[in-house]
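As structure tokens, the structure follows; a few thoughts come after it.
The values are calculated or read from the model by the stated rules, or taken from the named source; none is laboratory data. Nothing here was measured: the structure is a model prediction, and the numbers come from that model. Every residue, glycine among them, receives a Cβ derived from its backbone with ideal geometry; neighbour counts consider all protein chains shown.
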């Protein structure tokens, strides 16, 4: 996607946060880079190489490279930040803050970890800091309602899977921030314990401990709700 003359003339460090989504609206699936649409088993290695190159070009001030990174990570970061913070009103600002760090600090990426690990770690720290600064307690999300399980003769596959995800997401609202992050990164992004430890900044054993307690809590919360699903 080519940028307009006015966008190309204004570097990201001078953007107003409120205008960032206007410049880069939420992408459709057809607007994502080709590598972002590949099945993980087929295109993961190629995507990692391509993303590392995009970060390198971003470090050199190439706005088109940054735009591709933004569009590729917008949906993933949106889902992640929404689930771990449970505060939809914070998601846009946190996503923008994350991607501004990517622009400003692209030159610090050293390639020792995946680009996705680096970017998700930035988003995690932004979310953790934002929640720690809130005056009010972290109450349950009042905007989400319980979703009933589908009957045995229920809707078609994709609708049923969507409903199952809603049930799981509702249960995750009762986990701690750290537990939600570990569960979401594992089951919704397919990230392993070692990479998660880099993202959240703790030892692998701590990640495993958080997952153990999260699973135990989820089993209690989901008891009787997944009959017919599993």
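Residue count for segment 102-116 satisfying the condition of being surrounded by fewer than 18 Cβ atoms within 10 Å (Cβ to Cβ) and part of a helix (DSSP H, G or I): 3. Exactly one residue among 207, 183 is modelled with pLDDT of 95 or more and surrounded by 15 or more Cβ atoms within 10 Å (Cβ to Cβ), and that residue is 207.
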